[in-house]
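The values are calculated or read from the model by the stated rules, or taken from the named source; none is laboratory data. Owing to the predicted nature of the structure, the values given are computational and were not obtained by experimental measurement. Don't worry about glycine lacking a Cβ; one is built from the backbone with ideal geometry, like all the others, and counts go over all protein chains shown. Note: areas computed on protein heavy atoms with side chains; ligands, DNA, RNA excluded. Shrake-Rupley method; radii C 1.70, N 1.55, O 1.52, S 1.80 Å.
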Amino acid sequence: MSFVVTLSGSPHANARSAALLERVIHAVREQGSEVVSYHPSDFPPEALVYADFRHALVRRLQEDVARADGLIIATPVYKAAYSGALKLLLDLLPQKGLSRSLVLPIASGGSLAHMLAIDYALRPVLSALKARHVLDGVYAVESELAWAAPGELAIGDELQERLDEAVGRFVAQLPSAAPRTEAVVRTLAVTARTVGALAVAS
Ligand SMILES: Cc1cc2nc3c(=O)[nH]c(=O)nc-3n(C[C@H](O)[C@H](O)[C@H](O)COP(=O)(O)O)c2cc1C
């Protein structure tokens, strides 16, 4: 079973990016991963703003991220970049904190104007944290994200398709997917040898 950590970067309780992340968490859990989630509001503001590395929850975040196979980050676009609240969470991580992690970024914005914010603003920070691999992100504009009911996000088919495709790529590249693949490769090798031996014998 792979271990996945999620970071949600919207300071708002009823955040669209957080609701989008919940959908992705559900899908990743359904594929057999254990998921642990962190949100800025989980932390006492002092521990977050003053980056208190002795605080128990900050240490737990660091430990969880250090052993995570995958990391999913969801953020609103603020001022043409990711949110300050997300940066506060990322600043709690050690220098090479993401060296084990496959990262899937998700962002929501008011318009398409800053749809590249994931690549020009967030990706360099993830690289600085030595992320093992940062997948292409999913960008959603507000018009694709409607509240069907309080806390219940309704999204269009096209966005759902993009999310499904991104989750598929993420799950397929999680280390836990490797053993299965290796087993297939091993089986194929044995089969090839058997076929070879049969060909010689006949
Ligand atoms: C302070 C602030 C700054 C924003 N800056 C941008 C921006 O630069 N580009 C953009 O497309 N949307 C911008 N938006 C719109 C948000 O990205 C958009 O409403 C997003 O869906 C909010 O996500 P949330 O509900 O997860 O917090 C901004 C919103 C706020 C509150």
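Points to keep in mind about this one:
- Q31 vs. criteria in contact with a Gly (Cβ under 8 Å, 6 or more places away or on another chain) and away from the ligand (no atom under 16 Å from the Cβ): no
- Residue that is nearest to the ligand (Cβ to nearest atom) [pool: residues in segment 86-97 that are open to solvent by less than 20 Å² (accessible area, probe 1.4 Å) and over 20 Å from P175 (Cβ atoms)]: L86
- Residue in segment 108-130 that is near the ligand (Cβ under 10 Å from one of its atoms), modelled with pLDDT of 95 or more and under 24 Å from V171 (Cβ atoms) present: yes
- Top-ranked residue in segment 59-81 [being within 16 Å of the ligand (Cβ to nearest atom) and not small (G, A, S); ranked as surrounded by the most Cβ atoms within 10 Å (Cβ to Cβ)]: T75
- Count of segment 103-136 residues which are more than 26 Å from L57 (Cβ to Cβ), of a type in the set (S, T, Y) and in contact (Cβ under 8 Å) with a residue 12 or more places away in the chain: 1
- A140 in a strand (DSSP E or B), within 19 Å of the chain's Cα centre (by Cα) and either surrounded by 12 or more Cβ atoms within 10 Å (Cβ to Cβ) or within 13 Å of the ligand (Cβ to nearest atom) (or both): yes
- Test: R100 is open to solvent by 70 Å² or more (accessible area, probe 1.4 Å) and either in contact (Cβ under 8 Å) with a residue 24 or more places away in the chain or within 16 Å of the ligand (Cβ to nearest atom) (or both): yes
- For H39: the one exception among (1) touching a strand residue (DSSP E or B) at 6+ places or on another chain (Cβ under 9 Å); (2) in contact (Cβ under 8 Å) with a residue 40 or more places away in the chain: (2)
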